[in-house]
Amino acid sequence: MTQATYLWNPPAVVSLPVIGSTARYPVNRIFCVGRNYQAHAIEMGMKGVVKATSRPFYFTKTPSSLVESGATIPYPPGTADFHYEMELVVALGAPGFRVSEADAEKLIHGYAAGLDMTRRDLQAIARDAGRPWDLSKNFENAAICSPIVPAGELGVLDRGAITLAVNGVTRQAGDLSQLIWNIREIIADLSQFYHLQPGDLIYTGTPEGVGAVKTGDHLSGHIDRVGDITLTIGAAE
Ligand code: MN
């Protein structure tokens, strides 16, 4: 077969380090669950019990928006209210379509700690106008992720502290047991709409306590049995 030639060099494969492996995890897609902790849904203005009234909903981030833990990212353009959202990330390692909750675990390769960085002011404008969330959620350096820890003996995480500190002060402190839709439910539901693939990351939503960051801030997050994530906010471009 003739090797294709391109007008310019294609983007490199986006990937993440894997704990205990020299091979890296090649990223395919980035799915994110919205409002998956009751207390965060309430701080975002929702009323009542979310699970009783709806299904989970999703948005996506372009893989090129992914940044590894430990980075310094510029304060992004177009916002004056740049927020952190500390989240458990589920990293898939097998394909699945219309999988049952009972079979969902088979798709899980591992877990990571993630930050779903958000231009909150643009999200509010989009929400109020009924417009897509892309400008607020899907932009350069908007998805931060730690190295992936293989699921191994962890199984399906159903509990464990998830915390985030800004400049050493704890701002978010939740537990994975507070997820409105748990990991099995998310994978099963998402697989009704997509042919899930190895390399698909799922950001599972953030606990309450989201807030704004500014240039010079240092973020440090932790999820029990999964690991740590850090991020520094640099100057605006
Ligand atoms: Mn989020």
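The values are calculated or read from the model by the stated rules, or taken from the named source; none is laboratory data. All values reported here derive from a predicted model rather than from experimental measurement. FYI the Cβ positions are ideal-geometry reconstructions off the backbone, even for glycines, and counts take in every protein chain you see. Note: areas computed on protein heavy atoms with side chains; ligands, DNA, RNA excluded. Shrake-Rupley method; radii C 1.70, N 1.55, O 1.52, S 1.80 Å.
Considering only region 1-90, give the strands (runs of 3 or more DSSP E) lying wholly within it that have at least 1 residues that are of a type in the set (Asp, Glu). Walk me through it before giving the result.
Details: elements: 30-33, 58-61, 66-68, 72-75, 82-84.
By residue number, 66-68.
Among (1) in contact with a strand residue (DSSP E or B) (Cβ under 6 Å, 6 or more places away or on another chain); (2) open to solvent by 30 Å² or more (accessible area, probe 1.4 Å); (3) more than 26 Å from His222 (Cα to Cα), where does Thr79 come up short?
(2)
What about Phe57, is it without any contact (Cβ under 8 Å) to a residue 60 or more places away in the chain, within 16 Å of the ligand (Cβ to nearest atom), aromatic (Phe, Trp, Tyr) and closer than 30 Å to Ile125 by Cα?
On the way: without any contact (Cβ under 8 Å) to a residue 60 or more places away in the chain: yes; within 16 Å of the ligand (Cβ to nearest atom): yes; aromatic (Phe, Trp, Tyr): yes; closer than 30 Å to Ile125 by Cα: yes.
It is true that Phe57 is without any contact (Cβ under 8 Å) to a residue 60 or more places away in the chain, within 16 Å of the ligand (Cβ to nearest atom), aromatic (Phe, Trp, Tyr) and closer than 30 Å to Ile125 by Cα.
Please note which strands (runs of 3 or more DSSP E) are completely contained in region 187-237 and include at least 2 residues that are on the phi < 0 side of the Ramachandran plot and open to solvent by 20 Å² or more (accessible area, probe 1.4 Å).
218-223, 227-236
For residues that are of a type in the set (D, E, K, R) and within 13 Å of the ligand (Cβ to nearest atom), tally how many sit in region 176-216.
Going through region 176-216 one residue at a time, the tally reaches 1.
Is it the case that Arg98 is outside any strand (DSSP E or B) and within 23 Å of Ile162 (Cα to Cα)?
On the way: outside any strand (DSSP E or B): yes; within 23 Å of Ile162 (Cα to Cα): no.
Here the answer is no, as Arg98 does not meet what is asked.
Within region 63-73, can one find any residue that is of a type in the set (Ser, Thr, Tyr), within 15 Å of the ligand (Cβ to nearest atom) and open to solvent by 50 Å² or more (accessible area, probe 1.4 Å)?
Of the residues in region 63-73, the ones of a type in the set (Ser, Thr, Tyr) are 64-65, 69, 72.
From what is left, the residues that are within 15 Å of the ligand (Cβ to nearest atom) are 65.
Filter once more, keeping what is open to solvent by 50 Å² or more (accessible area, probe 1.4 Å): none.
No - not one qualifying residue is present in region 63-73.
Tell me yes or no: at least one residue of region 114-122 is assigned to a loop (DSSP other than H, G, I, E, B) and at pLDDT 95 or above. It would help to see each step written out before you state the result.
Applying the first criterion (assigned to a loop (DSSP other than H, G, I, E, B)) to region 114-122 yields 117.
Going one step further and asking which of them are at pLDDT 95 or above, we end up with 117.
Yes - at least one qualifying residue is present in region 114-122.
Counting only residues that are of a type in the set (Gly, Ala, Ser) and surrounded by fewer than 22 Cβ atoms within 10 Å (Cβ to Cβ), how many does region 111-136 have?
Here is the first cut: in region 111-136, the residues of a type in the set (Gly, Ala, Ser) are 112-114, 124, 126, 129-130, 136.
Of the ones still in play, those that are also surrounded by fewer than 22 Cβ atoms within 10 Å (Cβ to Cβ) are 124, 126, 129-130.
Of the residues in region 111-136, 4 are of a type in the set (Gly, Ala, Ser) and surrounded by fewer than 22 Cβ atoms within 10 Å (Cβ to Cβ).
Within region 130-140, identify whether any single residue is at pLDDT 95 or above and within 26 Å of Ala23 (Cα to Cα), and answer yes or no. Walk me through how you get there before you give the answer.
Initially, region 130-140 is screened for residues at pLDDT 95 or above, giving 130-140.
Applying the additional criterion that residues be within 26 Å of Ala23 (Cα to Cα) yields 140.
Scanning region 130-140 turns up at least one residue that is at pLDDT 95 or above and within 26 Å of Ala23 (Cα to Cα).
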